[in-house]
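Below you'll find the structure, written out as C-alpha cells, and then a few comments.
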Amino acid sequence: METLKSVQVPVEAFVSSSVSTAPITTRSPRHSVLVRVTHWITALCFLALLVTGIEIVISHPRFYWGETGNVLTTPLFQLPIPSSRRLVPTGYGYVLPDQNGWSRALHFEAAWIAVLTGLLYAISGLLTGHFWKDLLPRRADLSWRALLTSIAKPLRFERPSEEEASSYNVVQRLTYVFVIFVLFPLVIWTGLALSPALISAFPALVTLLGGRQSARTIHFFVSVALVLFLLVHVAMVCLAGFKSRTGAMITGRTATRKEHT
Amino acid sequence: MMDISRRKLILTGLAATAGGSGLAVAARLAQKYGLVPPDHDGIYGLGETLTFASQRLLTRHSLAREFPRSRISPRPFPNELAPLTEDFKRLRAGGFAEWRLSVDGMVAQPESFSISDLKSYPSRSHITELVCEEGWSYIAEWIGVPLSHVLQLVGVHPQARYVVYVSMEPDTWDSIDMADALHPQTFLCYGMNGNELPVAHGGPLRMRLPRQLGYKNIKFITRLTVTDSLKKFGKGVGSAASEAGYAWYVGM
C-alpha cells in the first residue's frame, strides 16, 4: 500500500513538510511496510530458532547419515561440545542442564510464526512485483565484471554510494534470492522431515533426503549457512552505515548522510 | 487526510471484529473436533495448538513408515532408566507372572490383565523407527496387542476422549487422544525383535506409538484410565512430561 501511495507526489510533499528539519530524501520508501514488518518478525524468530536449536543440539551433538543413528552407531561427525545428556560420550567430565522442554516449544512456535510470516511475504512479493523489481538480478548485471566489483568494493571497506544504497547490487540480489528461495525452503523441509507424524502421511518428505538422520544433518548445515548469511548481512549493514540502514528497515525512509546534504 | 483516516479506522475496526469472531468460531470448532491439546495454555500454547490441530487434520489415519526386516538396527539403544523400584525387582524375580495391567475409567467393564492374558490376544508386530526428541533413532520390530483390541474388550464409553497410561516408575504417566489410542499401530508392546521386550526397553510392557516421539512410549505400563477430560489428572496438562515443560503432543 505504502509503496503505491508514496509514488504519488502529495504524500511525499506531506512527509517532507511536516518534518522539515529531518534530513530525508524525497524518494519513495526504501522498504515497504510489509517488507519491514516481516523482516523484523523473521529476525526475532530466527534468533529464537537459533538459540533453541543450539540447546536441542546440545542434547545430542552427534550427527549421522542415513535413516538411523544413536550413541551405539558411528557418527558422521560429533561437535566438540559438552552435552546435556549423561549417556552421550563427549569427553567432558560434566553434563549440562537439560533445556530441551522450553527450547523445543519455542523452536516450533517460532517456526510456525516464521513460516506464516514467510508465506505472507512470499505472496505479497509475487503480487507487488517486489521479487522481480528488487531481488531478481537484472540481466545486464549478470556479468563477471559486475559480480567482481560488487564483491571487491565491500572487501576494501568501501561504503556504497548514495545511488547504490537505494537498491541492491547483483551479489546482494543473488544472495537474497538464494536465502529466500533455497535456504529457507530447505530448512523448513528438513525440519518437517523430522516429524514422525507428518512423514507417516508424506513419507517422501524424508525418503527424498535419504533418511531421517540425513534430514537432521542437512537441517544443521542449512542452519549454519543461515547463520553465516546473518553475519555477512549484519557486517554489510554496519559497513553501509548501521544507523541509516537499520533506520530504513524500521521507518522505511533513507536518511541522507550529512556530507551529502 | 481526515477522510482517509476515518475510513481506515472503520475498516480496521470491522476487520478486527471479523477477525476476532472468526478466531472465536475457530476455537469453538477446534475444541469440538478435538484439535486443542491439554497444554494449550501459556506462551507456547499457540505453537502446541497449531502443531496438534494441523497434524490431526493431516495425519489422522496415516500409518508410520514400516521397514523391511533387514533394516532392523543391530544394536537398539535403550535410553537411560531410572533406578528400578523394589516392587519392580520383586515382580521381575517372579518372571512378571504377577504383573497386572488394570483398565478403568469410562469403560463398561473395568478389567485387569496379566502379561499372558495380553499375549493370548491376536498378536501384531510392526518394524518401525523409535525416534528420541534428542535426535537419535533406531529401527526395531515391536510386538504386542493393539491398544484398540484391549479397549474393545473393556467397552469404551462413546464420550471417551483420552486414554491415560501410568508407569510403575514413580511420577511417570502420559495420555493420548482416541485418534492415537485406536490407531492400528498403537500397541501395548511386550516383544521386540522376535523376543520378550527387554527390561531396558520397558519390558514386560510398554506403550508403543510410532507416530510420536520416544518419550510418549512409556515403559513399565501398569494402568490405563479412559476419560473424557484430562483436567483431573495431575496438573491437568495431560502428562508428567508436559508438567515438566515437554509438549504433550509430539508428532512434532
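The values are calculated or read from the model by the stated rules, or taken from the named source; none is laboratory data. Predicted, not measured: the structure shown is a model, and the values here were computed from it. Quick reminder, even Gly has a Cβ in these numbers, built from the backbone with ideal geometry, and neighbours come from all protein chains shown.
Annotations
- Positions within region B:26-84 being over 23 Å from B:Val237 (Cβ atoms) and touching a Phe, Trp or Tyr at 6+ places or on another chain (Cβ under 7 Å), in sequence order: B:Ser73, B:Pro76, B:Phe77
- The single residue among B:Ser70, B:Ser120, B:Ser62, B:Ser102 that is within 14 Å of another protein chain (Cβ to nearest Cβ) and loosely packed, with under 15 Cβ neighbours inside 10 Å turns out to be B:Ser70.
- Residue selected from region A:180-195 under the condition within 13 Å of chain B (Cβ to nearest Cβ) and not β-branched (Val, Ile, Thr), by the criterion nearest to A:Gly69 (Cα to Cα): A:Leu194
- In the set (1) at the interface with chain A (Cβ under 7 Å from one of its Cβ atoms); (2) outside any helix (DSSP H, G or I), B:Gln55 fails one condition alone, (2).
- Residue within region B:171-183 that is within 20 Å of B:Phe77 (Cβ to Cβ) and of a type in the set (D, E, K, R) present: no
- In region A:71-92, the residues that are touching a strand residue (DSSP E or B) at 6+ places or on another chain (Cβ under 7 Å) and of a type outside the set (A, V, I, L, M): A:Pro75, A:Phe77, A:Gln78
- Cβ pairs under 9 Å, 6+ apart, first in region A:196-209 and at the interface with chain B (Cβ under 7 Å from one of its Cβ atoms), second surrounded by 23 or more Cβ atoms within 10 Å (Cβ to Cβ) and aromatic (Phe, Trp, Tyr): A:Ala197/B:Tyr249
- Checked against (1) buried (at least 20 other Cβ atoms within 10 Å of the Cβ); (2) more than 30 Å from B:Leu35 (Cβ to Cβ), B:Ser125 meets all criteria but (1).
- The condition of being within 25 Å of B:Ala181 (Cα to Cα) and either within 14 Å of another protein chain (Cβ to nearest Cβ) or assigned to a helix (DSSP H, G or I) (or both) holds for only one of B:Ala18, B:Ala24, B:Ala30, that being B:Ala30.
- Leading residue by the ranking (surrounded by the fewest Cβ atoms within 10 Å (Cβ to Cβ)) among those in region B:105-117 that are in contact with a Lys or Arg (Cβ under 8 Å, 6 or more places away or on another chain) and farther than 18 Å from B:Ser148 by Cβ: B:Ser112
- Residue in region A:211-226 that is modelled with pLDDT of 90 or more, within 14 Å of chain B (Cβ to nearest Cβ) and outside any helix (DSSP H, G or I) present: yes
- Among the criteria (1) in a loop (DSSP other than H, G, I, E, B); (2) acidic (Asp, Glu); (3) loosely packed, with under 14 Cβ neighbours inside 10 Å; (4) touching a residue at least 12 places away in the same chain (Cβ under 8 Å), the one B:Asp39 does not fulfil is (3).
- Output for region B:123-136, where each listed residue is within 14 Å of another protein chain (Cβ to nearest Cβ) and of a type in the set (S, T, N, Q): B:Thr128
- Screening B:Leu81 with (1) in contact with a Pro (Cβ under 8 Å, 6 or more places away or on another chain); (2) farther than 26 Å from B:Asp177 by Cβ gives one miss only, at (1).
- Residue in region A:158-178 that is modelled with pLDDT under 85, surrounded by fewer than 14 Cβ atoms within 10 Å (Cβ to Cβ) and touching a Leu at 6+ places or on another chain (Cβ under 7 Å) present: yes
- When A:Ser124, A:Ser84, A:Ser59, A:Ser103 are checked against the criterion of being touching a Pro at 6+ places or on another chain (Cβ under 8 Å) and either crowded, with 17+ Cβ neighbours inside 10 Å or not assigned by TED's automatic domain parsing to the domain that holds A:Thr175 (or both), A:Ser84 stands alone in meeting it.
- Residues satisfying the stated conditions in region A:168-195, i.e. without any contact (Cβ under 8 Å) to a residue 12 or more places away in the chain and over 23 Å from B:Phe52 (Cβ atoms): A:Phe178, A:Phe181, A:Val182, A:Pro185
- Restricting attention to region B:175-196, the residues that are of a type outside the set (Phe, Trp, Tyr) and in a strand (DSSP E or B) total 9.
- Under the condition of being over 21 Å from B:Gln159 (Cα atoms), more than 10 Å from every other protein chain (Cβ to nearest Cβ), free of Cβ contacts under 8 Å to residues at least 40 places away in the same chain and part of a loop (DSSP other than H, G, I, E, B), the residues counted in region B:205-252 number 1.
- Helices (runs of 4 or more DSSP H) wholly inside region A:1-109 that include at least 3 residues being at pLDDT 95 or above and among the hydrophobic types (A, V, I, L, M, F, W, C): A:33-58
- Members of region B:164-222 found to be surrounded by 18 or more Cβ atoms within 10 Å (Cβ to Cβ) and of a type in the set (D, E, K, R), listed by number: B:Glu169, B:Asp174, B:Asp177, B:Asp180, B:Arg206, B:Arg208, B:Arg211, B:Lys216, B:Lys219
- Selection count where residues are closer than 26 Å to A:Gly210 by Cβ and basic (Lys, Arg), scope region A:68-99: 1
- Of the residues making up region B:217-237, those that are closer than 19 Å to B:Met178 by Cα and touching an Asp or Glu at 6+ places or on another chain (Cβ under 6 Å) are B:Ile218, B:Thr225, B:Val237.
- Restricting A:Arg139, A:Arg104, A:Arg145 to those that are within 13 Å of chain B (Cβ to nearest Cβ) and basic (Lys, Arg) reduces the list to A:Arg104.
- Qualifying residues in region B:40-52 (those that are more than 9 Å from chain A (Cβ to nearest Cβ) and in contact with a helix residue (DSSP H, G or I) (Cβ under 8 Å, 6 or more places away or on another chain)) - the one modelled with the lowest pLDDT: B:His40
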